[in-house]
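Beneath this line is the structure, given in structure tokens, with notes to follow.
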Amino acid sequence: MPNLHELLKEMVEKGASDLHITSNAAPTLRVHGRMVAVGETPLTPAETRLWHQVRDHKLGVHIRRQHVLLGRFIADFYCAGARLSIEIDGDTHSDPDQAEYDAARSEWLEAHEVRVIRFTNDEVLRNLPSVLVAIRRACGLEGDD
């Protein structure tokens, strides 16, 4: 496991500034104008676009971002009420090794009663309304409003 110095160095390399540490919370850094917990990865443009549409119960359900699942994996987004992991896949996910890993990860999560729904960056960026409808349905919400 990397030490705090290594984590901070990595975050600074990603564009971080302004370290904030409080006694009751994880250290945070300002990355591209947004506060990010140390160890948290900044969102991609597709993830950012989706997050703005699902945060604060905008779909009628609570969705978290970068949520640790079963102590083993980090979901891009997660709806606990529906036990649904929402993954946004970039170009690297088309690599055969990555696709194999993704399939094994999804299988493991589903064996532990966590459903997985996947979208490509392109789907989110080009057809966000359809992605939102699919997420609502996967969360057990009817209709597309």
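Read the figures in this text as sums done on the coordinates, not as results from a lab. Here the structure is a predicted model, which is why all the values come from computation and not from measurement. Glycine also receives a Cβ, built like all others from the backbone with ideal geometry; neighbour counts cover every protein chain displayed.
Remarks
- Whether the range 46-145 is rounded, prolate or oblate, judged on the alpha carbon gyration tensor where a/c under 1.5 counts as rounded: oblate
- Contour minus Cα-Cα distance for HIS57 and THR44 (0.36 nm per residue): 2.6 nm
- FRET efficiency, ASN127 to ARG72 (Cβ-Cβ, R0 25 Å, nearest 0.05): 0.20
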